[in-house]
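Report on one structure; see the data block that follows.
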Amino acid sequence: QEEIQEVKEEGNLELLLNSLDKIVEETENRDEPAWRPSGIPEEDIRSTMVPYLLKHRSYLRKVLKQKEEENGKVAESVLAGRERIAELQQLIQARKHAWQ
């Protein structure tokens, strides 16, 4: 008993076992099984990274679509501005000729 108590005190086992109990309690409510490595690093990384990369690609496509729409609106306003400038230049030329 003394040796066991000594080992528990030296390794701070009581605190570690309590934290392990908390981890077990937290995982009891999960529906999905815990991840376990398959032993093949390429497959393990692929199984972890592919869903993340697909989600990120979807996000980037969404942002790209938004930016393309914004750019389209800006391009339309630029063209409208250029047309207005051309109209004003013609008006200026017409008034200049009328004045002369």
What pairs come out if I take residues in segment 47-70 that are under 23 Å from A34 (Cα atoms) and pair them with residues that are of a type in the set (F, W, Y) and open to solvent by 100 Å² or more (accessible area, probe 1.4 Å) whose C-beta lies under 9 Å away, six or more apart or interchain?
S47/W35; T48/W35
Sole exception among (1) over 25 Å from the mean Cα position of the chain (by Cα); (2) open to solvent by less than 90 Å² (accessible area, probe 1.4 Å); (3) modelled with pLDDT under 90 for L15, by number
(2)
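The values are calculated or read from the model by the stated rules, or taken from the named source; none is laboratory data. Predicted model only: the values in this text are computed from it and were never measured. Note that we place each Cβ from the backbone using ideal geometry, even for glycine, and neighbour counts take in every protein chain shown. Ligands, DNA and RNA are excluded from the accessible area calculation, which covers all protein heavy atoms including side chains. Shrake-Rupley method; radii C 1.70, N 1.55, O 1.52, S 1.80 Å.
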